[in-house]
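Presented below is the structure to which this report refers.
The values are calculated or read from the model by the stated rules, or taken from the named source; none is laboratory data. The model shown is predicted, which means the values in this text are computed figures rather than measured ones. Don't worry about glycine lacking a Cβ; one is built from the backbone with ideal geometry, like all the others, and counts go over all protein chains shown.
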Amino acid sequence: MQQISDYELELMKTIWGNGGSALYAEIVTALSAKGLNWTKNTIITLLSRLIDKGLLKTNKIGHRNRYTAIVSADEYQSSQTETFLDKIYEGNARDLVATLIQKDLLSASDYDDLKKYWQAVTGDTPSDT
């Protein structure tokens, strides 16, 4: 999956947050609510780039366009996580987790939640060692 800019990601988050599709006016309203008052040309350019990258499609409704996400937020997040893991940690998830712990970015509560999640997904109980 192609990389996207922070601004493009903001638009995707807006569309995902609107149930996966949105009219231009809905996008503008949501961006304004976040304090992002981008020009019409900026928004249209970014939407066009997302269409070209295969993340959005557009459907004409009268004189308006409905922008629909082709990729879900979960799919994008998973893809970007894998890319990050490969690029920075050479695919070694343990080193990533070690960094999160060393930098106090993973709390004991987070660890407990992850253990519960692991058990729910795999049926295994992770060791505490």
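Checking Leu100, Leu96, Leu106, Leu114 one by one, the residue that is more than 22 Å from Gln2 (Cβ to Cβ) and part of a loop (DSSP other than H, G, I, E, B) is Leu106 and no other. Considering only residues that are basic (Lys, Arg) and in contact with a Phe, Trp or Tyr (Cβ under 7 Å, 6 or more places away or on another chain), which ones fall in region 39-93? Within region 39-93, just Arg64 meets the criteria.
Note on region 34-52: residues that are of a type in the set (A, V, I, L, M, F, W, C), more than 19 Å from the chain's Cα centre (by Cα) and assigned to a helix (DSSP H, G or I) amount to 1. The requirement of being in a helix (DSSP H, G or I) and not aliphatic (A, V, I, L, M) is fulfilled somewhere in region 59-75, by at least one residue. Can you confirm whether Ile43 is of a type outside the set (Ser, Thr, Tyr) and surrounded by 11 or more Cβ atoms within 10 Å (Cβ to Cβ)? So Ile43 passes the test.
Those residues that are under 29 Å from Leu23 (Cα atoms) and of a type in the set (Gly, Ala, Ser), I need them from region 60-115; list them, please. Scanning region 60-115 gives Gly62, Ala69, Ser72, Ala73, Ser78, Ser79.
Being under 20 Å from the mean Cα position of the chain (by Cα) and either of a type outside the set (A, V, I, L, M) or under 30 Å from Glu26 (Cβ atoms) (or both), is that true of even one residue in region 58-65? Within region 58-65, one or more residues are under 20 Å from the mean Cα position of the chain (by Cα) and either of a type outside the set (A, V, I, L, M) or under 30 Å from Glu26 (Cβ atoms) (or both).
What pairs come out if I take residues in region 40-52 that are hydroxyl-bearing (Ser, Thr, Tyr) and pair them with residues that are assigned to a helix (DSSP H, G or I) whose C-beta lies under 8 Å away, six or more apart or interchain? That search, which allows pairs on different chains as well, returns Thr42/Tyr7.
Close contacts from region 107-120, counting a first residue that is under 14 Å from Val97 (Cα atoms) and outside the structural domain of Val97 (by TED's automatic domain parsing) and a second that is part of a helix (DSSP H, G or I) and of a type in the set (A, V, I, L, M), with Cβ to Cβ under 9 Å and a gap of 6+ residues or different chains, come to none at all.
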